[in-house]
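All remarks here apply to the structure that follows.
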There are 2 protein chains.
Amino acid sequence: MAFKGDLEALILAVLSDHALHGYEISKRIRSQSQEVLKYGEGQLYPALHKLEESGFIEAEWMLQDGKPDRKVYSITPKGREELERHRSAWAKFVSGVGGIFASHAVEGGK
Amino acid sequence: MAFKGDLEALILAVLSDHALHGYEISKRIRSQSQEVLKYGEGQLYPALHKLEESGFIEAEWMLQDGKPDRKVYSITPKGREELERHRSAWAKFVSGVGGIFASHAVEGGK
DNA sequence: TATTTATACCTAGAAATCAGAGGTATAAAT
DNA sequence: ATTTATACCTCTGATTTCTAGGTATAAATA
């Protein structure tokens with residue numbers, strides 16, 4: 001139907017300001033959604049690879065010593081377009097569900 | 001994660017005003033969501049059966065002659081409680097996704 | 001010192017979900 | 001004669017999602 005959390009859209013959104021590595025992306029989705037959206041790494045990394053394959057994001061390794069290396073992702077122009085498509089799909093979806101919940105409002109709302 | 005259309009919540013919502021038969025439920029979800037939410041019968045009927053099993057809705061056959069008989073579903077008190085849980089889960093989900101899309105707003109908005 | 005927590009990447013398989021096709025049956029419209 | 005609409009239903013293949021596992025280092029805690 002579209003959207004259940006649509007991880008790809010969320011990734012593109014958090015990358016739209018600054019390039020970030022995967023681990024950081026997952027933490028930001030968690031915190032910026034007020035802990036509502038939580039994705040395991042088993043979901044995140046495949047999603048990143050798919051976005052990269054599609055040309056919506058690009059990766060670059062950032063080597064660190066001592067700590068694990070980081071793969072830093074940044075959004076591409078094509079990715080920004082895709083983000084806009086996701087944004088409007090989301091808006092449509094919200095209004096669709098809202099249309100149903102609203103037309104059957106709870107009686108006795110204070 | 002919760003919600004992708006969460007058909008069960010939508011069914012409970014459209015049943016909260018009046019009892020309806022399956023075929024009518026699917027048409028209302030379609031129209032009241034402005035054609036955004038479309039479920040095939042292959043999704044609808046199993047969902048109805050599951051809701052009935054859980055005691056959230058009740059069914060009664062309404063015999064018709066000439067036309068196919070109808071199985072009319074009505075929401076139970078337990079179903080209304082469930083609907084409220086779905087409603088608040090939805091609200092939380094929307095604010096979660098909104099939290100991400102909003103903190104990375106499109107530049108150049110007029 | 002041993003264990004847990006945090007960092008950072010990744011794959012694979014099980015479970016759940018979804019869309020579409022198929023199946024039965026009648027009546028009305030084209 | 002065929003299509004559309006009504007009205008119920010199941011099943012299967014594809015996709016999606018989640019969980020659990022696997023590697024490796026450093027810092028904090030017990």
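The values are calculated or read from the model by the stated rules, or taken from the named source; none is laboratory data. Predicted model, so just to flag it, every value in this text is computed and none were measured. Here the Cβ positions follow ideal geometry from the backbone for every residue, glycine too, while neighbour counts run over all protein chains shown. Only protein heavy atoms, including side chains, enter the accessible area calculation; ligands, DNA and RNA are left aside. Shrake-Rupley method; radii C 1.70, N 1.55, O 1.52, S 1.80 Å.
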**Item:** Gap separating the Cα centres of region A:33-110 and region B:1-45, nearest whole Å
**Value:** 26 Å
**Asked** How much of the accessible area of the protein assembly as shown, probe 1.4 Å, is carbon plus sulfur, in whole percent?
**Response** 52 percent
**Message:** I need the calculated FRET efficiency for the pair A:LYS50 and A:ALA102, taking r as the beta carbon distance and R₀ as 25 Å, to the nearest 0.05.
**Reply:** 0.10
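Counting only heavy atoms of protein chains, what accessible area per residue, in Å², does chain A have with a probe of 1.4 Å?
On the way: 6080 Å² over 110 residues.
Accessible area per residue: 55 Å².
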**Fill in**
For A:GLU35, the accessible surface traced by a 1.4 Å probe with all protein chains present amounts, in square angstrom to the nearest 10, to 100 Å²
**Cα-Cα P(r), the protein assembly as shown, percent of pairs per 5 Å interval** = 1, 6, 13, 15, 15, 12, 10, 9, 7, 5, 3, 2, 1, 0, 0, 0
**Complete:** In terms of the alpha carbon gyration tensor, root eigenvalues a ≥ b ≥ c, rounded if a/c is under 1.5 and otherwise prolate when a/b exceeds b/c or oblate, region A:2-92 is oblate
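Which value, in debye to the nearest 20, gives the size of the charge dipole of region B:1-62 about its Cα centre, when Lys and Arg are +1 and Asp and Glu are -1 at the Cβ? Walk me through the numbers on the way to the answer.
Numbers: 6 positive and 10 negative charges, 65 e Å.
That gives region B:1-62 a dipole magnitude of about 320 debye.
Show me you know the interface measure: the accessible area buried between B and A, both chains summed, probe 1.4 Å, in Å² to the nearest 100.
Details: alone 7800 and 7770 Å², together 12180 Å².
So the buried area, both faces added, is about 3400 Å².
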**Fill in**
Residue span A:GLU58 to A:GLU35: 0.36 nm per residue of separation minus Cα-Cα distance leaves a gain in nm of 5.6 nm
**Asked** If you put a point 7 Å past Cα along the Cβ direction, how far is that point for A:GLN64 from the same point in each other copy, in nm, smallest first?
**Response** 6.5
**Proximal lysines to A:LYS27, defined as alpha-carbon separation beneath 29 angstrom and excluding residues fewer than eight positions away on the same chain** = A:LYS4, A:LYS38, A:LYS50, A:LYS67, A:LYS71, A:LYS78, A:LYS92, B:LYS4, B:LYS92
**Request:** Would you kindly derive the ³J(HN,Hα) couplings of region A:46-63 from the backbone phi angles with the Karplus curve 6.51 cos²θ - 1.76 cosθ + 1.60 (θ = phi - 60°), listing them in order in whole Hz, with x for Gly and Pro?
**Result:** x, 5, 5, 5, 5, 5, 5, 4, 7, x, 8, 9, 10, 10, 8, 6, 10, 6
**Prompt:** Hey, for B:LYS50 with labels 7 Å out along Cα-Cβ, what do the inter-copy distances come to in nm, ordered shortest first?
**Reply:** 2.1
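Just by accessible area at a 1.4 angstrom probe, what is the order of B:LYS71, A:LYS38, A:LYS67 from largest to smallest?
A:LYS67, A:LYS38, B:LYS71
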**Prompt:** Any idea how far apart B:LYS4 and A:GLN43 come out in nm if each label point goes 7 Å out from Cα toward Cβ?
**Reply:** 1.0 nm
**Message:** I'd like the orientation of helix B:77-102 relative to chain B: the angle between its Cα long axis and the longest Cα principal axis, in ° from 0 to 90, rounded to 10.
**Reply:** 20 degrees
**Item:** 14 Å beta-carbon shell around A:LEU51, net charge (K/R +1, D/E -1)
**Value:** -2
**Karplus (6.51, -1.76, 1.60) ³J(HN,Hα), θ = phi - 60°, over region B:18-31, in Hz, Gly and Pro reported as x** = 8, 6, 9, 8, x, 4, 6, 4, 5, 5, 5, 4, 4, 6
